[in-house]
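Comments concern the structure below.
The values are calculated or read from the model by the stated rules, or taken from the named source; none is laboratory data. The structure displayed is predicted, hence computed values, not measured ones. Positions of Cβ are backbone-derived with ideal geometry, glycine not excepted, and every protein chain shown enters the neighbour counts.
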Amino acid sequence: MKRIKTYSLNFQTSVIFIFLSAVVVLLYFRTFGYDFVNYDDEGYIHENFEFLTQSFIETVKWSYTSLGMANWHPLTWLSYSLDCHLFGYNAGGFHFINVLLHIANTLVLFIFLRAATGSFWKSAFIAALFAVHPIQVESVAWISERKNLLSTFFGLLSMIWYVKYARKENIRLSYFLCLMFLIFSLLSKPMLVTMPFIFMLLDYWPLCRYSGKGVKNIIRGIISYLPEKIPFFIIILGSCVITVIAQHGVGAVFDIETMPFSVRLANICISYIEYIHKLIVPDALSVSYIFPYATALTKAFCSLSVLIFITYFVLISGNRQPYLAIGWFWFLGTLVPVIGIVQVGIQAMADRYMYFPCLGVFIAFVFLLSHIIDLAGKTVFKGFITLSMCIIMLFSFSYATWGQVLVWKDSETLFSNAVAIDNRNHIAHNNLGSYLLKKGEEERGVSHLEEALKISPLYSQANFNLGRYYFNKENYRKSIGYMEKVIESEDIKFLSCAYLALGCSYLKLNESDNTMLYFDKAFKIEPKCNQIFIFPKKPDKMSDIIK
């Protein structure tokens, strides 16, 4: 009998693995034919192709010293390097690896939940929700979000080994592997900096390492197990310092004067509720949600009230349903690095940020649903109703994901969707306009770029794109006007290029004094500009000037 039971368990697990993998492939296989999009993919792949295709040793050196794309994530660079060697510029290969990583994350999640909670079917359902929910599409279908997939993969492995360590299974090896996989996670993306707090939540439930249920016993338990968490905090502190340096270096972090804390706090409250809404009703998913500088205080207050009410409810339910508090604080806590306390970029929120935090909500929901069904007692239709609910839910999310994956077909569909959701989204207008110009649809492209500047007159990228367009059209005076707007915005990412472009324009206009002035400024910001000084003829493309 024991042998039969073991085989049955292995057979069940194999079936779940095959089912989850097949569902992910079915939902995402179309991405294998998708192209890169003009939103960070160029920065990650095209602009670094030379570095990524170097020898292994040279690539490792470069990846560990590069602070490109406002992050220090050497393992992500190495992952892209492997793809470049395997697939070259073929975007389908990059998409294929992303889908494989999402499958791996789904299966590792199931293994973790099964080991931590001891519940097979609830763990399988949570993993299925994670696999098919449409809010995950951005992380899977966007090549630039490889870092998110890698970070979660190593983070989940770290959690598996923490469970083994907490249950005293080969303590030293388990602790070492837990620490090592967390380091790998942070080297992929500095997202899971709250992992020691996740470990504290797991200590309470489902690992039940604390003796007793009261607040005093919980505090006593946290203090008693705190020393084992110290190495994790030290590693995370180092990761945070490097991340802040990288993001400040490219001007990605907004200061208090630019974005007051009161505005940030209002957006934080609203964003938490919006994330919950998109988990329940995943509609109007966009690649970009613009930060609302004029946030409605009433909406922010109502959102804060809802957050306080839910927090109070899960706390008073802690003894009877501890999974509610664990899931809720998992969700709240893991979003802290990207919720806007330190505002990086101009997005209010992002679907990709929910890739790992959504697990807290899924855990709380599934275990609560199971508890409610158990309260109904044994009935003839109990199993049928439960199975029907699960199938309907998974089918609904899968159907939404099938449609959302299509949005990522190319830059035009992606940003047309974003514009349709929010016509005031200047980032979407800019990227759509830039893509249309490359396609040769100049009238539509210029129209969208001009619309972006109507919304945000000092948006540096739109000004630069229009300045580059008019330079290539030999309308140097108009190009100068847009490039001066780039200078006025003081966007460090475009300053040297803008000064160089101004110098080139004045050179074509035979205004040598201005030419030398702007070339000199360009050289001071980016010394490599001195590789290009005087042009015997007009370059075919502005990109030939700005390399």
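Structure notes:
- Qualifying residue in segment 338-361 (condition: buried (at least 19 other Cβ atoms within 10 Å of the Cβ), at pLDDT below 95, within 21 Å of the chain's Cα centre (by Cα) and part of a helix (DSSP H, G or I)): yes
- Scanning segment 207-237 for residues that are within 21 Å of the chain's Cα centre (by Cα) and loosely packed, with under 13 Cβ neighbours inside 10 Å gives a single hit, LEU237.
- Being in the same structural domain as ARG320 (by TED's automatic domain parsing), touching a residue at least 60 places away in the same chain (Cβ under 8 Å) and surrounded by 20 or more Cβ atoms within 10 Å (Cβ to Cβ) is a description that does not apply to ILE242.
- The set of residues in segment 304-314 that are under 14 Å from LEU332 (Cα atoms) and surrounded by 12 or more Cβ atoms within 10 Å (Cβ to Cβ) comprises LEU304, VAL306, LEU307, ILE310, THR311, VAL314.
- Filter pass, PHE395 being touching a helix residue (DSSP H, G or I) at 6+ places or on another chain (Cβ under 6 Å), of a type in the set (A, V, I, L, M, F, W, C) and either under 27 Å from MET349 (Cα atoms) or part of a loop (DSSP other than H, G, I, E, B) (or both): no
- Selection within segment 458-510: residues that are of a type in the set (Phe, Trp, Tyr) and assigned to a loop (DSSP other than H, G, I, E, B). The member of this set that is nearest to GLU442 (Cα to Cα) is TYR459.
- Segment 450-470 - residue that is more than 8 Å from HIS426 (Cβ to Cβ) and of a type in the set (S, T, N, Q) and, of those, surrounded by the most Cβ atoms within 10 Å (Cβ to Cβ): ASN463
- Among the candidates ILE273, ILE268, ILE308, residue that is β-branched (Val, Ile, Thr), part of a helix (DSSP H, G or I) and touching a helix residue (DSSP H, G or I) at 6+ places or on another chain (Cβ under 7 Å): ILE273
- Residue that is surrounded by the fewest Cβ atoms within 10 Å (Cβ to Cβ), among those in segment 57-82 that are in contact (Cβ under 8 Å) with a residue 24 or more places away in the chain and over 17 Å from the mean Cα position of the chain (by Cα): LEU67
- Candidate set: segment 122-157, residues that are more than 20 Å from PHE17 (Cα to Cα) and of a type in the set (Gly, Ala, Ser); chosen: the one surrounded by the fewest Cβ atoms within 10 Å (Cβ to Cβ): SER144
- Qualifying residue in segment 97-106 (condition: in a helix (DSSP H, G or I), under 30 Å from SER370 (Cα atoms), more than 18 Å from the chain's Cα centre (by Cα) and not hydrophobic (A, V, I, L, M, F, W, C)): no
- Long-range neighbours under 8 Å by Cβ, at least six apart or interchain, first residue in contact (Cβ under 8 Å) with a residue 24 or more places away in the chain within segment 157-174, second β-branched (Val, Ile, Thr) and surrounded by 17 or more Cβ atoms within 10 Å (Cβ to Cβ): LEU157/VAL108; MET159/ILE198; ILE160/VAL108; ILE160/ILE111
- Residue within segment 496-507 that is surrounded by fewer than 21 Cβ atoms within 10 Å (Cβ to Cβ) and within 33 Å of the chain's Cα centre (by Cα) present: yes
- Note on segment 17-38: among residues that are in contact with a Ser or Thr (Cβ under 7 Å, 6 or more places away or on another chain) and not in a helix (DSSP H, G or I), the one that is farthest from VAL140 (Cα to Cα) is ASN38.
- Condition check for SER14 on (1) part of a helix (DSSP H, G or I); (2) surrounded by 13 or more Cβ atoms within 10 Å (Cβ to Cβ); (3) of a type in the set (Ser, Thr, Tyr): one failure, at (2).
- Long-range neighbours under 8 Å by Cβ, at least six apart or interchain, first residue among the β-branched types (Val, Ile, Thr) within segment 175-189, second modelled with pLDDT of 95 or more: ILE183/ILE235
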